[in-house]
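Note sheet for the following structure.
The values are calculated or read from the model by the stated rules, or taken from the named source; none is laboratory data. Here the structure is a predicted model, which means the values were calculated and not measured. All Cβ positions, even for glycine, are placed from backbone atoms using ideal geometry, and neighbour counts span all protein chains on display. Note: accessible area is taken over every heavy atom of the protein model, side chains too, but ligands, DNA and RNA are not part of it. Shrake-Rupley method; radii C 1.70, N 1.55, O 1.52, S 1.80 Å.
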Amino acid sequence: MKSKFLLVFACSLFFILLGCKQNSENNSAPFSASANSVKYAKGLEIYKYDGYSILKVTKPWPEATSGFNYILKEKNGIIPDSLKQFMVISVPIQSIVVTSTTHIPSLEMLNVEKTLIGFPSTNFISSAKTRKRIDAGKVREVGINESLNTEVLIDIKPDIIVSFGINNTNPTIDNLQKSGLKVLINGDWTEQTPLGKAEWIKFFGALYGLDAKANALFTTIENNYKNALALAEKTTQKPTVLSGAMFQDQWYVPQGESWVSVFLKDAKSDYLWKDSKGFGSLSLPFETILDKAQNATFWIAPGDFTSLKQMSDSNPHYSEFSSFKNKKVYSYAINKGAKGGILYFELASARPDLVLRDLIKIFHPELLPNYKSFFFQKLE
């Protein structure tokens, strides 16, 4: 999990982010008139048929040239011969190992968290509900993402392991599959829109035969997000916004086409790097940031700092920004789990409606006078 946190930091310092050689060369399964039930996610497709479904992960990692087909077989379902070349999984599954904290909310929202039997680096999990199961010894530690513990995974024998990839090479996952374990790649972190990320709850819904429930949960989140968008449209004010912080000798800001930038735009703010091209992060020297953002009204997500003093102790130059001087710096890092995991990294991608409301509350408090922020807190 540590590698994903570093990836998230390097990409944007704001939001939350292995590989394998599966049967990905042939990604063209026969589809009839069944409609794809996914609306926003660009890397996920789900097609339902009588007795089985086809779960397609079309963008498992950035720059992927092919994806994966997983065939979800219901009880007594008959799989066409043309699909037997792909991994077949009997659903609903009864046990699972996931490898990213971003997968935990989907399990809990679907009320199937009791099927989680393993996770790498369990201290990163913030949810009180799942932490209780970890403390009770019901969720095994399975190593770290870069080197999953094959012996433990073979011992606990999950129905499936859900991993994520940065490329198509990972010897550990190859070994797991050679040992008879089924590894699925989840590409939720590659999505670049808030609703696109959140829609990956349907990936887990399909695995548990809970498609209808996953669809209903997502529809609620979608409607909440749209309602927040409509509320933000009532203002004509767009305060200027800075994001990110220094990492080593560079400042990383979210690029203009990134997930982060979408949130800031939807919350009706003027993000100062909104016109930059790209979906990740932009690495800039401090002087460039100061020249452009010294007078920005707000500073959102300054790394993992939890106080203004902590920021100034780390880098005295932070105090040169107006947003710092005026105490208009807001962080996601205050709300942590029992072992220090940041809740935002775990839950934000599943609940973009809460993120958007938080930002609207910060930028336009008059629109949400009675709303209490969920993720973001003002630094003191």
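Values for this structure:
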{"item": "Search result, residues across segment 96-117 that are among the hydrophobic types (A, V, I, L, M, F, W, C), open to solvent by less than 10 Å² (accessible area, probe 1.4 Å) and closer than 20 Å to residue 181 by Cβ", "result": "96, 97, 98, 107, 116"}
{"item": "Test for residue 196: is it over 14 Å from residue 39 (Cβ atoms) and within 14 Å of the chain's Cα centre (by Cα)", "result": "no"}
{"item": "Of all residues in segment 169-182 being surrounded by 17 or more Cβ atoms within 10 Å (Cβ to Cβ) and modelled with pLDDT under 85, the one that is farthest from the chain's Cα centre (by Cα)", "result": "172"}
{"item": "Of all residues making up segment 300-319, the number that are part of a loop (DSSP other than H, G, I, E, B) and open to solvent by 60 Å² or more (accessible area, probe 1.4 Å)", "result": "1"}
{"item": "The one condition in (1) touching a strand residue (DSSP E or B) at 6+ places or on another chain (Cβ under 8 Å); (2) among the β-branched types (Val, Ile, Thr); (3) under 30 Å from residue 41 (Cα atoms) that residue 297 fails to fulfil", "result": "(3)"}
{"item": "Hey, residue 360 open to solvent by less than 60 Å² (accessible area, probe 1.4 Å), within 23 Å of the chain's Cα centre (by Cα) and β-branched (Val, Ile, Thr) or not", "result": "yes"}
{"item": "Qualifying residue in segment 320-335 (condition: open to solvent by 50 Å² or more (accessible area, probe 1.4 Å) and β-branched (Val, Ile, Thr))", "result": "yes"}
